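I have placed the structure first, in the form of structure tokens, so that the comments after it can refer back to it.
The values are calculated or read from the model by the stated rules, or taken from the named source; none is laboratory data. On a predicted model such as this, the values are computed, not experimentally measured, just so you know. Cβ coordinates were reconstructed from backbone atoms using ideal geometry, including for glycine residues, and neighbour counts include every protein chain displayed.
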């Protein structure tokens, strides 16, 4: 994992994200004292040190309170923890084996809103999907469980470290390993840069899925667990509209944008249709090939 994260720092995470009114290009641009690497106990510090070196972050003693966030090695996994007396629980990547059972419950599987937005209800072929803003990988994992071939891209090196750790643990699980190996792939880098790199036709995904970081909602109770901490680390996606336009150029069949239910549309374009749930909606933009 450390080698993969280190490779990301060589320049492929160079596109900007807004943070505190500025632009976040690398971990070095985080405010001083924002984040450090540690472990829950001294015996795990040797496991934490290589990642601290790869990410160019300070390595601090367990339970340090000198920084706002701690990328923490536990006996089981990597976690992003907030410090302070009012800190919430840790953020980590967990691909739940119980989700294998949920696929067959009413309202799940190909009937769930996410799958319908992808066009899976009527699709008889295996979809190749690019999750261009993978984050913690929840939606990508759900689609992989349904048989799609999903490539995740995440440009924040810190979130990428959590994501790669979750994938490594899933590869060791007897039920999840076949799904991860066959359907769920991870490619480090900036999806906007990749989409603008001049893809040949064979590399174009059937569907490009976007779930950009959006401005915080006015009601704090509506904020999903961990979202505030992720936003503090990676900022908002200031170039989300550029990513949308690049996705529109490259997708074979459709672009799907996940938005809070009452949020403004991502781009000044009218979607082909929308699927509206209780808290989120999916804007579906069909390509010309599917409109005819």
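In a loop (DSSP other than H, G, I, E, B), under 24 Å from residue 211 (Cα atoms) and within 22 Å of the chain's Cα centre (by Cα): is that true of residue 79 in this structure?
No: the conditions fail for residue 79.
Within the bounds of region 119-131, is there any residue that is under 29 Å from residue 74 (Cβ atoms) and touching a strand residue (DSSP E or B) at 6+ places or on another chain (Cβ under 7 Å)?
Scanning region 119-131, I find at least one residue that is under 29 Å from residue 74 (Cβ atoms) and touching a strand residue (DSSP E or B) at 6+ places or on another chain (Cβ under 7 Å), so the answer is yes.
Out of 52, 18, report the one residue that is at pLDDT below 90 and either at positive phi or in contact with a strand residue (DSSP E or B) (Cβ under 8 Å, 6 or more places away or on another chain) (or both).
One residue alone meets the criteria, 18.
Give just the number: which of (1) surrounded by fewer than 18 Cβ atoms within 10 Å (Cβ to Cβ); (2) under 30 Å from residue 288 (Cβ atoms); (3) at pLDDT 75 or above does residue 178 not satisfy?
Unmet condition: (2).
Filter region 85-126 down to residues that are outside any loop (DSSP other than H, G, I, E, B) and modelled with pLDDT under 80 and give me whichever is farthest from residue 208 (Cα to Cα). Walk me through it before giving the result.
Taking region 85-126 first, the residues outside any loop (DSSP other than H, G, I, E, B) are 91, 99-102, 109-111, 113-118.
With the extra rule that they be modelled with pLDDT under 80, the set shrinks to 101-102, 109-111.
Details: 101: 26, 102: 24, 109: 19, 110: 18, 111: 19 Å.
Looking at residues that are outside any loop (DSSP other than H, G, I, E, B) and modelled with pLDDT under 80, I get 101.
Quick check on region 171-216: of everything there that is in a loop (DSSP other than H, G, I, E, B) and over 22 Å from residue 241 (Cα atoms), which residue is nearest to the chain's Cα centre (by Cα)?
Restricting to residues being in a loop (DSSP other than H, G, I, E, B) and over 22 Å from residue 241 (Cα atoms), the top hit is 176.
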